[in-house]
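Read-outs: derived from the displayed coordinates by stated rules, not from any lab. Just so you know, these numbers come straight off a predicted model, no measurement behind them. For neighbour counting, all protein chains shown are included, and Cβ atoms are generated from backbone atoms with ideal geometry for every residue, glycine included.
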Amino acid sequence: MRKKRNPQCSMELHYVPHEICSQLSGISQWLDAHPQFNDWIYEDLSSGDKQNTGRNGLSAESVLRAALLKQYLNCDYDYLSFVLMDSMLFRDFCRLEPNQRPSRSSLHGLISLLTASTWERINNCQLMTAKDQGIEKGRTVAIDSTVTESDIKPPCDSDLLASSVKEICRLLERGQTLTATPLYEYTHHNRAVKDAARKHLRWQRRAASAL
């Protein structure tokens, strides 16, 4: 059984004299000022629930806050699960009940149910708030275009051939679905191309070692 929010959970964050606590407190207040977010998240989660029975799962509010916390910490689901067990501050932010200890797989499964349209609506509300407060007008987008040096695998004929055959097979398979009765037959050659590419790679390595 899933609820939209946990009304019995404290609305105040566990006080920590740190900048992170202040930032999370501001995010929490902004989320509380937009209760419609919980309705949108609940609709996404309900579409993925096979049945709305059993013990209480994470509320829609908790799932949204956990997703935002993951982005705030820039972490994976393993670390997110750990901090939600270990930190009172992060547990308060996500409005978790005392007996709730979400696992990595549970967090991943729930957060992945949130649709792109829901995130777009939340982002639009965030942009409107930034405009009202004179923080951001949303007319331009800043991106990081810093160039970093890294090694890349040089293209070779066998790889290009394998990619071409794979794409041709994909298009042929897609073309068969355009009519009720397929108008042609074809044979997959992906395995033969992979074998040829491996042989060519082994030949390249032997030739390079002989030099």
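Rounded to the nearest 500, the 222 nm mean residue ellipticity of the chain from helices alone is -18500 deg cm²/dmol, with -39,500 (n - 2.57) taken per DSSP H run of at least 4 residues. Can you tell me the 0 to 90 degree angle between the C-alpha axis of helix 157-176 and the longest principal axis of the chain, rounded to 10? The helix 157-176 is inclined about 70 degrees to the chain.
Annotation note: GluC sites (Glu not before Pro) in region 103-178 located in DSSP loop regions with a Cβ neighbour count of at most 12 within 10 Å are GLU136, GLU149. One Cα centroid belongs to region 71-119, the other to region 145-211; the line between them spans 39 Å. Rounded to the nearest whole angstrom, the semi-axes of the ellipsoid equivalent to region 87-211, taken from the Cα gyration tensor as √(5λ), stand at 47, 26, 22, largest first.
Comparing region 23-131 with the 2.2 N^0.38 Å rule of thumb, its C-alpha radius of gyration ratio is 1.04 (two decimals).
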